[in-house]
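Data block below; observations after.
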Amino acid sequence: MTLRIASYNIRKCIGLDRRRNPARTARVINDLSADVVLLQEADKRLGARPAALPRSVIREETGLSVFPEGGGADSLGSHGNSVLISKNITPQGIHFIDLPGFEPRGALIADLTTPLGDLRICGLHLGLRRRDRLRQMKALQDHLNTLTNRPTILAGDFNEWSRNKGMEPLTDYTILTPGRSFHAARPIAHLDRIAHCNAWQLQNAGVIESPLARRASDHLPIWADFSKAFPQVAPI
């Protein structure tokens, strides 16, 4: 049994044709066939930051749910970060934190029960400057250290162009770069990443490069399939 985690910067549902098309974005999300989808830029910027991707469209096109549900809030989350879950996932709790830096940035932290056991999922959209990203990862790591211990996966738009630098604060995680996800018209950079602790074992990972995905946003969505890692037993 595996669990599919996906991440997608939906660019407020504005495609490369400069048209806002929530249904198109939702169809790309549906093509991921994921158990958990972390979204970035899911809300508009102005006013009450209403959802760029309406809950009704998510429900009708994907069958996924926004966590948390209800509440009458205009947005899907905070700082554009949102998490969608499938019917086989049970939500436990969620909170949002602000991250330091020149630009307003944040992360979500959600505790879930999955068919593979308990999971803590962190969705993030880091800043454009490396010095800010390093501070943001350090702040997130420090915050996670204050919480109860739980198998954890981080995913989102890391905004880091380098393949081997800029991830130093995440010493407790294995960093995955499923593939080139930016720019969607001509992917050259691995900006979107997934990081996991040693409780999870990677089975497969990739980038959705369908014609629809190449038009729906400037980022392509990434995904990774995980199984539970079995503890190694020392030979007798």
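The values are calculated or read from the model by the stated rules, or taken from the named source; none is laboratory data. Worth saying up front: this structure is predicted, and the values here are computed from it rather than measured. Reconstructed Cβ throughout: ideal geometry from the backbone, glycine too, with neighbour counts over all protein chains shown. When the accessible area is computed, the model is the full protein with side chains, heavy atoms only, and any ligands, DNA or RNA have been set aside. Shrake-Rupley method; radii C 1.70, N 1.55, O 1.52, S 1.80 Å.
Descriptive notes on the structure:
- When the criteria are applied in full, Phe96 fails the requirement of being of a type in the set (Phe, Trp, Tyr), part of a loop (DSSP other than H, G, I, E, B) and open to solvent by 10 Å² or more (accessible area, probe 1.4 Å).
- Here the strands (runs of 3 or more DSSP E) wholly within segment 1-70 that include at least 2 residues being in contact (Cβ under 8 Å) with a residue 60 or more places away in the chain and not small (Gly, Ala, Ser) are 3-9, 36-40.
- Any chance Asn88 is assigned to a loop (DSSP other than H, G, I, E, B) and modelled with pLDDT of 95 or more: yes
- Among the conditions (1) touching a residue at least 12 places away in the same chain (Cβ under 8 Å); (2) not in a loop (DSSP other than H, G, I, E, B), the only one that Asp142 does not satisfy is (1).
- When Asn164 is tested against the conditions (1) closer than 30 Å to Leu16 by Cβ; (2) of a type in the set (S, T, N, Q); (3) open to solvent by 70 Å² or more (accessible area, probe 1.4 Å); (4) modelled with pLDDT of 95 or more, the lone failure is (4).
- Residue in segment 129-137 that is part of a loop (DSSP other than H, G, I, E, B), at pLDDT below 95, out of contact with any Pro (no Cβ under 8 Å at 6 or more places or on another chain) and open to solvent by 30 Å² or more (accessible area, probe 1.4 Å) present: no
- Segments classed as strands (runs of 3 or more DSSP E), wholly inside segment 151-236, with at least 2 members that are in contact (Cβ under 8 Å) with a residue 40 or more places away in the chain: 152-157, 192-196, 200-207, 222-228
- Of the residues making up segment 176-225, those that are surrounded by 17 or more Cβ atoms within 10 Å (Cβ to Cβ) and β-branched (Val, Ile, Thr) are Thr177, Ile194, Val207, Ile208, Ile222.
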